[in-house]
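Structure first, then comments.
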Ligand SMILES: Nc1ncnc2c1ncn2[C@@H]1O[C@H](COP(=O)(O)OP(=O)(O)O)[C@@H](O)[C@H]1O
Ligand SMILES: [Mg+2]
């Protein structure tokens, strides 16, 4: 078994999917199967080394394969066509396909060649890793979304303080993206005044790159993290669709190590897309019964929307105090998701910062920081270790 090898099977046909899975699972236990419209998202989330790609019905194969190669140029792509077609063969080879098979005619050829294909790829991969590891770094940042179904839980404050702390406490490149679409979000917390917002990226979204993003983003004074502010005009916000958000987040992921997203309470198409693109969703929960109920509703809604929370959602407990309504121990017993952070209620400490619109941190290795900032630092360190 080659257990450091991820294999992704892309197929819209179930029977073929399970046939290919059986073959792939003889070589590694890290096999995932996805439909063609999920392939790019999955590749962004977890890099696959070998992709077995079954020709799609609506001729999107070239496009998807090209994207997969952009995300991981070292990926080995095995293409399975349903007929012998030389134009297709040529186009797919140009897109980056390494091997071409025609099913069902060549299915037994495929099974017999597969072990050797894996073997020679693994050998090459080991050789590559030795030289590549020093240059590899950027390119696969994490998307971390902060969400709470209940307004006032501290979602924006946690997202912005977490991002700022991460930038100060590590060498990581960090961008904070506000998707709230109204005043009073992160720009107020960080005193950022700007007439630019992420909506300014709309005209260039098709060819979006890092310099577009850095041009529109504001640099937060103390930490020097980048901040993309949301448009405050609801009419402008409406012109941004899910495709825009997906492209924005994917591009950011390629240029930053951490893409921290502050999400609004109200769930719409845009918010769901951001959640789907996220590696982690940190649900900000305050320890009281109404908040717990609202979180349950969110879990149910996610299930109905087909949004997978398992291994993605974690809970950031906020506003903990000695006399909170639900005790932390009882809380942990009822929660279905792991707790990533516990943050104290720190009204006194936070007051001057929030009132003056100052971030809770000013520099690296600060001596005197408020209890809230200490808890956030612990949170950021925990995430940085992962
Ligand atoms: N740990 C905490 N201790 C004290 N006050 C907090 C804490 N976390 C958040 N707050 C306060 O709660 C209010 C709402 O925070 P905000 O981040 O705007 O919430 P949301 O984005 O969830 O609506 C703010 O006034 C903030 O200062
Ligand atoms: Mg908010």
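The values are calculated or read from the model by the stated rules, or taken from the named source; none is laboratory data. Worth saying up front: this structure is predicted, and the values here are computed from it rather than measured. Reconstructed Cβ throughout: ideal geometry from the backbone, glycine too, with neighbour counts over all protein chains shown.
Report yes if some residue within region 27-44 is farther than 26 Å from residue 254 by Cβ, in contact with a strand residue (DSSP E or B) (Cβ under 8 Å, 6 or more places away or on another chain) and without any contact (Cβ under 8 Å) to a residue 12 or more places away in the chain; otherwise report no.
The answer is no; no qualifying residue exists.
Looking at residue 331, is it within 30 Å of residue 223 (Cα to Cα), touching a residue at least 12 places away in the same chain (Cβ under 8 Å) and surrounded by 18 or more Cβ atoms within 10 Å (Cβ to Cβ)? Quick ask: steps written out before the conclusion?
On the way: within 30 Å of residue 223 (Cα to Cα): no; touching a residue at least 12 places away in the same chain (Cβ under 8 Å): yes; surrounded by 18 or more Cβ atoms within 10 Å (Cβ to Cβ): yes.
Considered against the rule, which asks whether it is within 30 Å of residue 223 (Cα to Cα), touching a residue at least 12 places away in the same chain (Cβ under 8 Å) and surrounded by 18 or more Cβ atoms within 10 Å (Cβ to Cβ), residue 331 comes out as no.
Out of region 218-259, which residues are free of Cβ contacts under 8 Å to residues at least 12 places away in the same chain and touching a strand residue (DSSP E or B) at 6+ places or on another chain (Cβ under 8 Å)?
Once the filter is applied, which keeps residues that are free of Cβ contacts under 8 Å to residues at least 12 places away in the same chain and touching a strand residue (DSSP E or B) at 6+ places or on another chain (Cβ under 8 Å), region 218-259 yields only 219.
Counting only residues that are more than 16 Å from ligand 1 (Cβ to nearest atom) and in contact with a helix residue (DSSP H, G or I) (Cβ under 7 Å, 6 or more places away or on another chain), which one in region 294-323 is farthest from residue 46 (Cα to Cα)?
305
Quick one: residue 216 ticks every box in (1) closer than 25 Å to residue 39 by Cβ; (2) at pLDDT 95 or above; (3) surrounded by fewer than 23 Cβ atoms within 10 Å (Cβ to Cβ) except a single one, so which number is it?
Unmet for residue 216, out of (1) closer than 25 Å to residue 39 by Cβ; (2) at pLDDT 95 or above; (3) surrounded by fewer than 23 Cβ atoms within 10 Å (Cβ to Cβ): (1).
I need a count of the residues in region 340-380 that are touching a strand residue (DSSP E or B) at 6+ places or on another chain (Cβ under 6 Å) and surrounded by 15 or more Cβ atoms within 10 Å (Cβ to Cβ). It would help to see each step written out before you state the result.
Here is the first cut: in region 340-380, the residues touching a strand residue (DSSP E or B) at 6+ places or on another chain (Cβ under 6 Å) are 340-345, 371, 375, 379.
The next check asks that each one be surrounded by 15 or more Cβ atoms within 10 Å (Cβ to Cβ); those that pass are 340-345, 375, 379.
Total satisfying the criteria: 8.
Considering only residues that are surrounded by 21 or more Cβ atoms within 10 Å (Cβ to Cβ) and under 18 Å from the mean Cα position of the chain (by Cα), which ones fall in region 277-290? Walk me through it before giving the result.
Our first condition is that a residue be surrounded by 21 or more Cβ atoms within 10 Å (Cβ to Cβ); within region 277-290, this holds for 277-278, 281-286.
The answer is 277, 278, 281, 282, 283, 284.
Just need a number here: residues in region 161-173 that are under 17 Å from the mean Cα position of the chain (by Cα) and within 16 Å of ligand 2 (Cβ to nearest atom). Steps first, answer last, please.
If we filter region 161-173 for residues that are under 17 Å from the mean Cα position of the chain (by Cα), which is where we start, we get 162-163, 166, 172-173.
Remaining after also requiring within 16 Å of ligand 2 (Cβ to nearest atom): 162-163.
Result for region 161-173: 2.
When only residues in region 24-41 that are more than 22 Å from the chain's Cα centre (by Cα) and surrounded by 18 or more Cβ atoms within 10 Å (Cβ to Cβ) count, which is modelled with the highest pLDDT? Let's see the steps before the verdict.
Within region 24-41, the subset more than 22 Å from the chain's Cα centre (by Cα) is 24-29.
Okay, now just the ones that are also surrounded by 18 or more Cβ atoms within 10 Å (Cβ to Cβ), so 24, 27-28.
Numbers: 24: 95, 27: 89, 28: 89.
Taking the candidates together, the pick is 24.
Within region 169-195, restricting attention to residues that are more than 16 Å from ligand 1 (Cβ to nearest atom) and out of contact with any strand residue (DSSP E or B) (no Cβ under 9 Å at 6 or more places or on another chain), which residue is modelled with the lowest pLDDT?
Within region 169-195, the match that is modelled with the lowest pLDDT is 195.
Looking at (1) buried (at least 23 other Cβ atoms within 10 Å of the Cβ); (2) under 21 Å from the mean Cα position of the chain (by Cα); (3) more than 15 Å from residue 145 (Cα to Cα), which one does residue 223 not meet, given that it meets all the others?
(2)
Would you mind finding the one in 203, 234, 264 that is within 16 Å of ligand 2 (Cβ to nearest atom) and either surrounded by fewer than 17 Cβ atoms within 10 Å (Cβ to Cβ) or not assigned by TED's automatic domain parsing to the domain that holds residue 154 (or both)?
Details: 203 fails: within 16 Å of ligand 2 (Cβ to nearest atom); 264 fails: either surrounded by fewer than 17 Cβ atoms within 10 Å (Cβ to Cβ) or not assigned by TED's automatic domain parsing to the domain that holds residue 154 (or both).
The conditions single out 234.
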